[in-house]
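To start, the structure itself, in structure tokens.
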Amino acid sequence: MRRVRRSAVLVATAASMAVVLAACGGTSTSDEAPAEAPAEEAPAEAPAAGGEALRVTYIPKNLGNPYFDAIVKGFQEAAPGLNMTVEVVAPAQAGATDQIPFIDAAIQQQVDAIAISPNDADALCPSLKRAADAGIIVITVNGDTAADCRQASITPVDFSQLGKYLVDLTAQVTGGKGEWAFLSATSTAPDQNSWLAGADEYIASGQSPAGLTLVDTVYGDDAPDKSATEAQALLTKYPNLAAINAPTTVGIAAAAQVLSQSPKKGQVQVTGLGTPNQMREFIKDGTVQKFALWDPALQGTIAANLIAGIKAGTIAPAADLEFEVPGVGQRVMAGADRVIIAGPPQEFDASNIDNFDF
């Protein structure tokens, strides 16, 4: 991941939100299927601004989550150059079906595209298929559904390897030994669940660090209070706990806050996935040694350009299609599922955290 200095976008914490990122002209809709993939060998490119503005609805998992605020920032940076308006709407809680009313509303509004960070891999598919049947471009961002429920998916890293990575990250902060637990998001979150499954497979293979013992997996529902309660319960239930790994920005911040005020500070490590801005104080006060993430904004940038290209007919989602994202570089829709990897993980510790601002 490249070094970045970004200001986090502020998102209203109401029952729903609407953030217009770039206002230009009217709206356009299409009932036509995407054009066939171009025959040229050169990567496809998103079009320059011009004509009627594209109307896009982005539906993150829930409100008040700094990680998804950063994805919105990526949309915000790309939208003006693509003649695009982006409305951001989301439920207050990250329940399995809580995003459905927002999908239905976007269909009624006849937007050009829906980008969604799904809370459930299965529950949303019927609604997303209705959107596609209405001629709306559908892509998933930072999470996925079945491939036939969307045209392409943008993932921050290779999720198939992230479970192993999280186990190894825990080994780094514990010296490779001790009891540890996962504090995840919701029990239905497709992204976190795929990582947990990958971690289980890695452990079951016998190739993970032999001194580590995974004792529990709990769910904070991507809510600060519940995540804090679950973190405190882990500290109480497992007196020999060496680490909590929270692969969610809400969970890691909540766990770090609990540990920073606990007598077990320094004995128990917190690691996982978080943003530098929310974790900086815990790195500086010694509560946290190391954690990781990637540049979430990059997913919003790629998503905006991908939507513009699909709408213009210069990008037609297909297995192994290469396309160019201005200012980012070339990306590939890997395999028949058309999954685009945004970038590699970045680890943060006391030596580098002040180099990042998001």
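The values are calculated or read from the model by the stated rules, or taken from the named source; none is laboratory data. Remember, it's a predicted structure, so these values are computed and weren't measured experimentally. Please note: Cβ atoms are built from the backbone with ideal geometry, for glycine as well, and neighbour counts cover all protein chains shown.
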Within the stretch 242-251, is there a residue that is of a type in the set (Ser, Thr, Tyr), assigned by TED's automatic domain parsing to the domain that holds VAL328 and touching a residue at least 12 places away in the same chain (Cβ under 8 Å)?
no
### Query
Any chance the stretch 90-99 includes a residue that's closer than 16 Å to SER153 by Cβ, assigned to a loop (DSSP other than H, G, I, E, B) and hydroxyl-bearing (Ser, Thr, Tyr)?
no
Restricting attention to the stretch 212-224, does a residue exist that is touching a residue at least 60 places away in the same chain (Cβ under 8 Å) and on the phi < 0 side of the Ramachandran plot?
yes
When the stretch 277-297 is checked residue by residue, the ones that are surrounded by fewer than 22 Cβ atoms within 10 Å (Cβ to Cβ), touching a residue at least 60 places away in the same chain (Cβ under 8 Å) and part of a helix (DSSP H, G or I) are ASN277, GLN278, ARG280, LYS284
For the stretch 168-194, pairs from a residue that is on the phi < 0 side of the Ramachandran plot to a residue that is of a type in the set (D, E, K, R) and part of a helix (DSSP H, G or I), with Cβ under 9 Å and 6 or more apart or across chains, are ALA181/LYS237; LEU183/GLU230; ALA185/ASP191
Original post:
What about ILE340, is it in the same structural domain as ASP112 (by TED's automatic domain parsing), crowded, with 18+ Cβ neighbours inside 10 Å, part of a strand (DSSP E or B) and modelled with pLDDT of 95 or more?
Top reply: yes
Check: Would a scan of the stretch 154-165 turn up a residue that is part of a helix (DSSP H, G or I), charged (D, E, K, R), surrounded by fewer than 24 Cβ atoms within 10 Å (Cβ to Cβ) and not assigned by TED's automatic domain parsing to the domain that holds THR57?
Finding: yes
Being touching a helix residue (DSSP H, G or I) at 6+ places or on another chain (Cβ under 7 Å) and closer than 28 Å to GLU52 by Cβ narrows ILE353, ILE340 down to just ILE340
Practice problem: Report yes if some residue within the stretch 173-181 is within 19 Å of the chain's Cα centre (by Cα), buried (at least 23 other Cβ atoms within 10 Å of the Cβ) and at pLDDT 95 or above; otherwise report no. | Solution: no
Condition set surrounded by fewer than 19 Cβ atoms within 10 Å (Cβ to Cβ) and not in a helix (DSSP H, G or I), scope the stretch 100-122, selection modelled with the highest pLDDT: answer is GLN110
